[in-house]
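Novice: One structure, as structure tokens, below. Some questions next.
The values are calculated or read from the model by the stated rules, or taken from the named source; none is laboratory data. Please read all numbers here as calculations on a predicted model, not as lab measurements. Please note: Cβ atoms are built from the backbone with ideal geometry, for glycine as well, and neighbour counts cover all protein chains shown.
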């Protein structure tokens, strides 16, 4: 049996071997979580969506480090043995905006960085259909006591095209019409633009029916698209002369009160995916 003095020496030797051996003792991370003895300078965390659900198969990269991690089904990732200092964590996943967070790595500690990914906005495509029309009306000799003429420019010339129908396809989220003309006469400076649904009986609705300056814009928003065009339907654009044209003097013998070319750009916006027959056109 060893003597007391020899027993003391054995205990001291055992204690020294525990402190100076090849295994690193567990340390605490910045949040108080113990590190496994074989790891150091770790970075880990969760990747969530904006509903706080885990995002699997997201690519996580620490800038300046070659390794890339992919999150598991629980949305977790982990890096070990990172160099100490400030780092940028970048997270990418199809269908989401890129997430970027900062991480401070300290020797002997683990850093937890959770990243919430915002959904990426859906690609919005648009299709523009141009239309060129001609609005015309004619004055005729009549019984007007002041001018000797009678005319009605609300009656379009049969050779002109005062209206056009455009098809809104299913899947549209918004429609915008831009109507352009050059005010060549007093009547043409005050044309009335009418935008309405077609062949819906008592459910027909007029979105615009007002005099407008050249370059007038009419928009059909998402709520009306869902209400009237969810399954696709035509919309009609009509130009006519304003009531003030009747008060425009027409010189005796004049045969023309108004002849006005105009253009309509009908632009339909679609979210992805668009209709099956959709063809993207660059703006």
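Novice: I need a count of the residues in the stretch 110-126 that are modelled with pLDDT of 90 or more and surrounded by 18 or more Cβ atoms within 10 Å (Cβ to Cβ). Talk me through it step by step, then tell me what you get.
Specialist: First, pick out the residues of the stretch 110-126 that are modelled with pLDDT of 90 or more: 110-117.
Pick out the ones that are also surrounded by 18 or more Cβ atoms within 10 Å (Cβ to Cβ) and you get 110-111, 113, 115, 117.
Of the residues in that region, 5 qualify.
Novice: Something else about it: Going by the structure shown, is residue 129 modelled with pLDDT of 85 or more, within 27 Å of the chain's Cα centre (by Cα) and under 21 Å from residue 234 (Cβ atoms)? Break it down stepwise before answering.
Specialist: Values: modelled with pLDDT of 85 or more: yes; within 27 Å of the chain's Cα centre (by Cα): yes; under 21 Å from residue 234 (Cβ atoms): yes.
Spelling it out, residue 129 is indeed modelled with pLDDT of 85 or more, within 27 Å of the chain's Cα centre (by Cα) and under 21 Å from residue 234 (Cβ atoms).
Novice: Filter the stretch 73-85 down to the residues that are under 30 Å from the mean Cα position of the chain (by Cα) and surrounded by 14 or more Cβ atoms within 10 Å (Cβ to Cβ) and list them by number.
Specialist: Initially, the stretch 73-85 is screened for residues under 30 Å from the mean Cα position of the chain (by Cα), giving 73-76.
If the condition is that a residue be under 30 Å from the mean Cα position of the chain (by Cα) and surrounded by 14 or more Cβ atoms within 10 Å (Cβ to Cβ), then 75, 76 are the ones that fit.
Novice: Can you tell me how many residues in the stretch 86-99 are exposed (fewer than 12 other Cβ atoms within 10 Å of the Cβ) and under 29 Å from the mean Cα position of the chain (by Cα)?
Specialist: Quick first cut of the stretch 86-99, residues exposed (fewer than 12 other Cβ atoms within 10 Å of the Cβ) only: 86, 94-95.
Still in the list and also under 29 Å from the mean Cα position of the chain (by Cα): 94-95.
Qualifying residue count, the stretch 86-99: 2.
Novice: Still on this model: Could you please find all residues in the stretch 78-103 being farther than 18 Å from residue 118 by Cβ and assigned to a strand (DSSP E or B)?
Specialist: 78, 79, 85, 86, 87, 103
Novice: Is one or more of the residues making up the stretch 238-256 surrounded by 13 or more Cβ atoms within 10 Å (Cβ to Cβ), closer than 13 Å to residue 168 by Cα, in the same structural domain as residue 170 (by TED's automatic domain parsing) and modelled with pLDDT of 80 or more?
Specialist: no
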